[in-house]
Amino acid sequence: MSGVTEPAARRTLRPPAGYRLAASVRSLTFSTYDPCARIAAGTFWWATRTPAGPATLALRPAGGGDLIAEGYGPGADWAVRQAEAVAGLRDDLTGFAELAGAHPLVARLAARHAGLRMPATGQLFPRVLRAVLEQKVTGTEAYRAYSAIVRHFGEPAPGPLQPLLLPPEPAAVAAAPYWVFHPFGVEQKRADTLRRAAAEAGRLERCADSAEATRRLTAIPGIGPWTAAEVVRVSFGDPDAVSVGDYHVPNTVAWALAGEPRGDDARMLALLEPFRGHRGRVCLLLAAEGVHAPRYGPRMPIRSFARY
């Protein structure tokens with residue numbers, strides 16, 4: 001499959017004026033070197049497993065502001081049909097301008113980042129994999145584990161961009177004993193959570209909306225509100241999903257919206273309440289702007305559970 005160079009399906013999308021592809025799809029990549037999704041020469045490449053089989057979706061800017069969606073592999077048609085959502089072009093900003101006007105900073109960021117859209121992949125397990133690995137560790141630790149697991153379980157993705165890998169098959173992750181994940185820097189608690197989520201992947205993928213997905217996710221031992229929000233914000237493009245329990249976000253929100261250098265979850269939610277319906281979007285805008293609360297004390301150390 002990886003040797004296929006001609007797309008099996010193609011569509012032309014017409015984004016709104018000012019649309020920014022790279023900024024909109026950045027949340028779908030874990031890093032510049034994400035083995036499953038990356039931006040290369042201005043084109044966004046996204047490898048996925050679809051109901052019709054493996055696929056790679058390429059989103060490429062074209063003349064006149066158009067966006068060309070090309071699909072490779074057995075699931076090419078599915079991927080191209082999903083292209084608008086993956087690009088964030090189904091993101092509904094209805095009512096946000098009025099809400100943003102309630103705070104001068106949010107209003108400025110909404111105008112400055114007007115081309116930023118929230119993608120919706122329609123798939124949960126690949127995002128569950130990343131979110132579980134991000135629990136209670138640094139971003140560097142999480143990425144190392146994610147990359148190693150994808151390479152261990154993954155397969156070459158269809159299409160011309162190499163090396164690009166498919167996300168792991170949930171059944172393979174569910175069947176693996178917890179100690180398989182130990183050399184990747186994942187301790188038993190997160191490994192067991194990941195395996196339980198993989199065993200429920202079929203039910204998760206059938207969720208109709210973010211509310212149902214949140215209920216099903218948080219019923220899995222080891223998955224709480226933070227992980228569920230991280231998943232539904234991308235899988236469903238939920239603009240109201242707030243990552244309660246995050247190490248940094250409450251401080252960022254408190255600093256940006258109230259000038260307070262520290263805040264807890266309760267304070268964060270109180271400050272975001274005027275933006276209900278788009279609370280997650282406000283957090284996204286703060287991240288896009290690079291807003292950070294003042295840092296105090298040492299950073300969290302990078303550890304390696306593989307040594308324990």
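The values are calculated or read from the model by the stated rules, or taken from the named source; none is laboratory data. The structure presented is a predicted model; accordingly, all values stated were derived computationally and were not measured. Neighbour counts are summed over all protein chains in view; Cβ atoms, including those assigned to glycine, are modelled from backbone coordinates with ideal geometry. With ligands, DNA and RNA removed, areas are computed over all heavy atoms of the protein, side chains included. Shrake-Rupley method; radii C 1.70, N 1.55, O 1.52, S 1.80 Å.
How do the pairs read when you match residues in region 50-69 that are over 13 Å from Thr12 (Cα atoms) and small (Gly, Ala, Ser) with residues anywhere that are part of a helix (DSSP H, G or I) and at pLDDT 95 or above, using Cβ under 7 Å and keeping only pairs 6 or more apart or on different chains?
Ala52/Asp77; Ala52/Trp78; Ala55/Ala76; Ala55/Trp78; Ala55/Ala79
Look through Glu187, Glu230, Glu155 and report the one residue that is among the charged types (D, E, K, R) and within 17 Å of the chain's Cα centre (by Cα).
Answer to the check: Glu230.
Restricted to region 149-158, and to residues that are under 22 Å from Ala40 (Cβ atoms) and modelled with pLDDT of 95 or more, which residue is most open to solvent (accessible area, probe 1.4 Å)?
Arg151
Go through region 1-119 and tell me which helices (runs of 4 or more DSSP H), entirely inside it, have 1 or more residues that are over 21 Å from Val291 (Cβ atoms) and over 21 Å from the mean Cα position of the chain (by Cα).
The qualifying helices (runs of 4 or more DSSP H) are 76-81, 96-100.
Please pick out the residue among Val132, Val137, Val186 that is more than 30 Å from Pro7 (Cα to Cα) and assigned to a helix (DSSP H, G or I).
Result of the check over Val132, Val137, Val186: Val132.
Kindly indicate whether any position in region 93-109 is closer than 18 Å to Ala17 by Cα, in contact with a Lys or Arg (Cβ under 7 Å, 6 or more places away or on another chain) and open to solvent by less than 30 Å² (accessible area, probe 1.4 Å).
yes
Mind checking which residues of region 44-72 are under 16 Å from Thr121 (Cβ atoms) and open to solvent by 10 Å² or more (accessible area, probe 1.4 Å)?
Trp45, Trp46, Arg49, Thr50, Pro51, Ala52, Pro54
Filter region 273-291 down to residues that are within 15 Å of Ala229 (Cα to Cα) and not in a loop (DSSP other than H, G, I, E, B), then give me how many there are.
Counting residues in region 273-291 that are within 15 Å of Ala229 (Cα to Cα) and not in a loop (DSSP other than H, G, I, E, B) gives 6.
Is one or more of the residues making up region 210-217 part of a helix (DSSP H, G or I), out of contact with any strand residue (DSSP E or B) (no Cβ under 7 Å at 6 or more places or on another chain), within 20 Å of Leu99 (Cβ to Cβ) and of a type in the set (Lys, Arg)?
no
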